[in-house]
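Remarks on the structure that follows.
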């Protein structure tokens, strides 16, 4: 069996325990010796974040999205407005409006509305007077010296 020589044979001749020289990365070595500057790094991060946000805000994709949202909202508003118009103009809505108008006319004719308002006002006036009387009773009791009962007030004539 004859062996042919190949350039890979030189690689195979290196022994496993031989030290293989490795060049050190001068940048990594230098950075590990220097004190880290957190303020500078945070400042750089802030600038980069600002630039990224600005680029995203000014991007065509964001502007297209904004246009689509505006168009969608306008379309939604138009559809809702159309639905309300259709409901207002529908025969059922017209019947309800006519019935409400008829009821209003009957109430006005029967003067029921005026009588109701008068009765409510009268009831509110009565309640106000009674609350005033109750407040006077509490105020009168607080002014009496301790030990006296409400019926024990002596006349000072």
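The values are calculated or read from the model by the stated rules, or taken from the named source; none is laboratory data. Since we're looking at a predicted model, the values are computed, not measured. Note that each Cβ is placed from the backbone with ideal geometry, even for glycine, and that neighbours are counted across all protein chains shown.
For segment 58-78, the tally of residues that are exposed (fewer than 10 other Cβ atoms within 10 Å of the Cβ) and assigned to a helix (DSSP H, G or I) stands at 2.
Out of 13, 35, one residue alone is exposed (fewer than 10 other Cβ atoms within 10 Å of the Cβ), out of contact with any strand residue (DSSP E or B) (no Cβ under 8 Å at 6 or more places or on another chain) and modelled with pLDDT of 65 or more. It is 35.
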